[in-house]
């Protein structure tokens with residue numbers, strides 16, 4: 001009998017993206033190549049959540065155990081003027097439109113990842129994404145739902161209207177979804193590399209399109225953009241080490257939660273002591289709203305954010321922080337591991353799609369403040385506060401879990417749920433499927449004291465939350481607003497991988513046959529009600 005050993009694993013929020021990542025592994029790529037291939041595919045099949053015009057963050061663990069953080073969050077243009085924006089918009093930036101578009105960092109983020117140790121060519125990494133855009137795919141449930149919800153904003157932009165509302169009607173779930181302009185753009189990046197997006201013909205097209213709408217982004221802004229590759233932040237507690245992303249992201253919030261769980265006597269955080277954990281989450285949200293900013297412009301570092309007392313102001317952070325993001329995970333048996341999060345922020349981002357390139361753009365700029373005294377006040381070249389945050393977990397120096405999720409402002413809370421379930425012995429499918437609750441503004445009508453609770457959360461937790469003074473809002477089980485998580489557990493026997501049933505996703509473990517004669521086979525763990533192939 002021929003034994004098999006795992007070649008790697010991939011988990012994403014759309015089954016076609018998972019297959020793109022698995023194909024990269026089968027082609028001889030590693031976790032970096034799989035993550036890039038899957039992320040590119042998601043930019044095609046999940047445009048409500050991610051697009052080429054969005055940002056990226058990732059943690060990459062090398063075979064020698066060193067972990068690097070890739071911060072490919074985009075910057076405000078050099079010509080950004082707080083005074084001009086205040087004159088145009090008053091006290092607060094709009095939530096959509098051209099003034100919310102910061103420089104897209106995602107494609108340069110792929111380049112930074114590849115330079116850390118990728119093996120495949122750009123054409124190999126991007127072929128699936130290009131084919132999905134050119135040939136078309138069935139429109140996903142999540143995308144169809146988002147089109148209906150955001151119909152008015154999509155209808156206001158000619159590019160969005162043509163793609164998502166052909167003939168004036170929203171595309172339905174399962175409808176053929178073709179994007180020929182985007183296919184051409186991806187093809188040019190595959191042929192010429194990521195520089196094409198920032199200084200090639202593609203750059204000329206999208207920058208010109210945005211400038212015709214009033215954007216301040218210039219060719220010099222795009223050509224000069226580079227991601228920051230740096231060390232992660234981490235904390236030890238509950239028998240593990242949790243690594244995540246420093247500011248300008250909210251990774252610190254998860255570390256605050258872990259510290260509280262270790263030291264504050266919250267014995268049953270997902271049950272009878274849920275109110276105690278909820279108050280920790282609420283306090284973390286206040287710290288984020290008051291202090292999170294670009295560390296190049298502000299003077300509060302990650303260590304301070306983890307340890308400082310929370311402000312008393314409960315009025316901050318009162319706008320929905322969106323949940324329209326993708327988080328994906330990939331590992332390969334040569335020792336590489338990636339937790340990657342890429343996003344356009346709100347559903348369909350700024351709702352601005354440049355029709356010549358098919359590129360949809362993020363609205364991350366809405367997170368800037370127009371208060372000159374706020375650490376996150378907009379300014380030339382600054383990065384806005386970011387909800388994105390990748391996560392790796394180690395035990396005794398060895399990789400234990402790779403996790404990623406969408407969920408907007410609730411991402412650190414969802415990660416806390418995943419971690420607690422995993423540490424209690426849950427499998428990947430059990431952890432990603434478990435009922436959740438999160439604190440803060442998730443949707444219109446919420447406040448910073450709203451706790452959104454899935455209906456099948458345990459009775460003990462629901463009693464504790466209702467007695468806490470928080471405003472409890474109940475939603476159906478497996479509600480999409482509670483995030484699409486993806487988790488890979490690293491076991492002595494291989495990998496245990498799962499994708500959240502709240503998404504359209506899947507997880508694949510790719511095995512390699514020892515004798516080299518038989519083809520590689522994959523096993524798919526699909527937690528949604530419908531099996532995907």
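The values are calculated or read from the model by the stated rules, or taken from the named source; none is laboratory data. Since the structure is predicted, the reported quantities are computational estimates derived from the model, not experimental observations. Cβ atoms come from the backbone with ideal geometry, glycine included; neighbour counts cover every protein chain shown.
Is it the case that residue 133 is surrounded by fewer than 22 Cβ atoms within 10 Å (Cβ to Cβ) and either out of contact with any strand residue (DSSP E or B) (no Cβ under 8 Å at 6 or more places or on another chain) or part of a loop (DSSP other than H, G, I, E, B) (or both)? Full working, then the answer.
Values: surrounded by fewer than 22 Cβ atoms within 10 Å (Cβ to Cβ): no; either out of contact with any strand residue (DSSP E or B) (no Cβ under 8 Å at 6 or more places or on another chain) or part of a loop (DSSP other than H, G, I, E, B) (or both): yes.
Here the answer is no, as residue 133 does not meet what is asked.
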Residues 218, 185: which one is at pLDDT 95 or above, outside the structural domain of residue 301 (by TED's automatic domain parsing), surrounded by fewer than 20 Cβ atoms within 10 Å (Cβ to Cβ) and at negative phi? 218
Could you grab me the full set of residues in region 338-356 that are assigned to a loop (DSSP other than H, G, I, E, B) and either touching a strand residue (DSSP E or B) at 6+ places or on another chain (Cβ under 7 Å) or surrounded by 24 or more Cβ atoms within 10 Å (Cβ to Cβ) (or both)? 346, 347, 348, 349, 350, 351, 352
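How many residues are assigned to a loop (DSSP other than H, G, I, E, B), within 25 Å of the chain's Cα centre (by Cα) and closer than 20 Å to residue 271 by Cβ if we restrict to region 456-478? Talk me through it step by step, then tell me what you get.
So in region 456-478, the residues assigned to a loop (DSSP other than H, G, I, E, B) come out as 456-458, 468-470, 476-478.
Among the residues that remain, those that are also within 25 Å of the chain's Cα centre (by Cα) are: 457, 476-478.
Imposing the further condition that a residue be closer than 20 Å to residue 271 by Cβ reduces the set to 457, 477-478.
Adding up the residues that qualify gives 3.
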Which numbered condition residue 226 fails, given (1) without any contact (Cβ under 8 Å) to a residue 40 or more places away in the chain; (2) loosely packed, with under 14 Cβ neighbours inside 10 Å; (3) closer than 28 Å to residue 59 by Cβ: (1)
How many residues does region 409-432 contain that are farther than 20 Å from residue 262 by Cα and either out of contact with any helix residue (DSSP H, G or I) (no Cβ under 9 Å at 6 or more places or on another chain) or surrounded by fewer than 21 Cβ atoms within 10 Å (Cβ to Cβ) (or both)? 3
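Would you confirm, using the coordinates I've provided, whether residue 274 is buried (at least 22 other Cβ atoms within 10 Å of the Cβ) and farther than 28 Å from residue 343 by Cα? Full working, then the answer.
Working: buried (at least 22 other Cβ atoms within 10 Å of the Cβ): yes; farther than 28 Å from residue 343 by Cα: yes.
Taking the combined requirement at face value, the residue satisfies it.
Scan region 272-281 and tell me whether some residue there is modelled with pLDDT under 95, out of contact with any strand residue (DSSP E or B) (no Cβ under 7 Å at 6 or more places or on another chain), part of a helix (DSSP H, G or I) and in the same structural domain as residue 472 (by TED's automatic domain parsing). Full working, then the answer.
Our first condition is that a residue be modelled with pLDDT under 95; within region 272-281, this holds for none.
No, because not a single residue in region 272-281 is modelled with pLDDT under 95, out of contact with any strand residue (DSSP E or B) (no Cβ under 7 Å at 6 or more places or on another chain), part of a helix (DSSP H, G or I) and in the same structural domain as residue 472 (by TED's automatic domain parsing).
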Among strands (runs of 3 or more DSSP E) entirely within region 483-533, at least 1 residues that are modelled with pLDDT of 95 or more and surrounded by 18 or more Cβ atoms within 10 Å (Cβ to Cβ) occur in 485-491, 494-499, 506-513
